[in-house]
1. Looking at residue 131 and the list (1) under 17 Å from the mean Cα position of the chain (by Cα); (2) surrounded by fewer than 18 Cβ atoms within 10 Å (Cβ to Cβ), which single condition is not satisfied?
2. Just give me the residues in the range 166-199 being touching a Ser or Thr at 6+ places or on another chain (Cβ under 9 Å), farther than 24 Å from residue 61 by Cβ and of a type in the set (A, V, I, L, M, F, W, C), in sequence order.
3. From (1) assigned to a helix (DSSP H, G or I); (2) open to solvent by less than 60 Å² (accessible area, probe 1.4 Å); (3) not polar (S, T, N, Q), pick out the condition that doesn't hold for residue 87.
4. Here is a list: 177, 190. Which entry is within 18 Å of the chain's Cα centre (by Cα), within 23 Å of residue 220 (Cα to Cα) and open to solvent by 10 Å² or more (accessible area, probe 1.4 Å)?
5. Among the residues of the range 92-122, write down those that are farther than 20 Å from residue 189 by Cβ and touching a strand residue (DSSP E or B) at 6+ places or on another chain (Cβ under 8 Å).
6. What is the residue count in the range 58-77 for residues that are open to solvent by 30 Å² or more (accessible area, probe 1.4 Å), under 19 Å from the mean Cα position of the chain (by Cα) and not β-branched (Val, Ile, Thr)?
7. Looking at the range 109-124, I want the residues that are modelled with pLDDT of 95 or more and have a partner that is open to solvent by less than 10 Å² (accessible area, probe 1.4 Å) and of a type in the set (Phe, Trp, Tyr) with Cβ atoms under 6 Å, at least 6 apart or on another chain. Which pairs are those?
8. Scan the range 208-227 and report the pairs whose first residue is over 29 Å from residue 189 (Cα atoms) and whose second residue is among the aromatic types (Phe, Trp, Tyr) and assigned to a strand (DSSP E or B), with Cβ atoms within less than 6 Å and a gap of 6+ or a chain change.
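The values are calculated or read from the model by the stated rules, or taken from the named source; none is laboratory data. Just so we're clear, the structure is a prediction, and the values are computed from it rather than from any experiment. Here the Cβ is made from the backbone with ideal geometry for all residues, glycine too, and neighbour counts use every protein chain on show. Surface accessibility is based on the protein's heavy atoms, side chains included, excluding ligands, DNA and RNA. Shrake-Rupley method; radii C 1.70, N 1.55, O 1.52, S 1.80 Å.
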Amino acid sequence: MDMMSKYYNLSSSQFINYLGFNKYIKGTQGLTKRNTMLNSDITQEPIQVSDFVIPFGIYGSEHEIHALKSYANYRKFKGKDFNFILDNQKSFEIHNWTQIDNGFISLSSTPDFICDDFTTIGECKAGGMGKGYNLDQIIEKYVSQIYGQQMVLKMLRYPIQKTHFVNWAESFVQIYEILPNPEYEKYLIEHLESYAEHLISEKEFTEKIKKFDVDSKLFNLIQEVEK
């Protein structure tokens, strides 16, 4: 690779930012929020997060293990039944996903676990400071990560068929089964390619993008337990 070439990695956990729909980033959805993330990637300066949000992230990280244990209990799984879990989590990367005149872009994803002979991706969340999420919040916050993970691993030829999303709260646990959504994947690819072009050229976006409305019926609740 030429020494003047640029190289960036786009992670599925940040896909919502590349699309410009993270409500915690200031600005207009689909435009100025997107440019904020673009400028952060270009300058390598992190986006400033409000003090209000920080405790939620800390709480979620500390209690994610409880969501994982709830799933293991539901499936009657032992550690050997999981792949790439906890300290052995793996970042799956599509190197040189797209090449532009003076740069390269890769895509990556790090699921919380994979199981069922590499057909099921697991994503665990402990949100709302123990209150959990409702379905609308799950879709708003994590749809691009969920379908982005599926897309990245399928591109790497893993036989992914579904995601099991664990929504853990102090008073309940829910598990949703989410099947692939080819139309959303096309939407992701289109706008990630656009983001890559703007990232390499270092030119801001001038037009907002339309949000993809995901049908909540695609999120199938397969378990709900009150504590």
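1. Only one criterion in (1) under 17 Å from the mean Cα position of the chain (by Cα); (2) surrounded by fewer than 18 Cβ atoms within 10 Å (Cβ to Cβ) is unmet by residue 131, namely (1).
2. 179, 188, 192, 196, listed by residue number.
3. Of everything listed in (1) assigned to a helix (DSSP H, G or I); (2) open to solvent by less than 60 Å² (accessible area, probe 1.4 Å); (3) not polar (S, T, N, Q), residue 87 misses just condition (2).
4. Working: 190 fails: within 23 Å of residue 220 (Cα to Cα).
Among 177, 190, only 177 is within 18 Å of the chain's Cα centre (by Cα), within 23 Å of residue 220 (Cα to Cα) and open to solvent by 10 Å² or more (accessible area, probe 1.4 Å).
5. 102, 112, 113, 114, 115, 118, 119, 120, 122
6. 4
7. Going by the 6 Å Cβ cut-off, the qualifying pairs are 109/92; 122/113; 123/165.
8. The qualifying pairs are 226/172.
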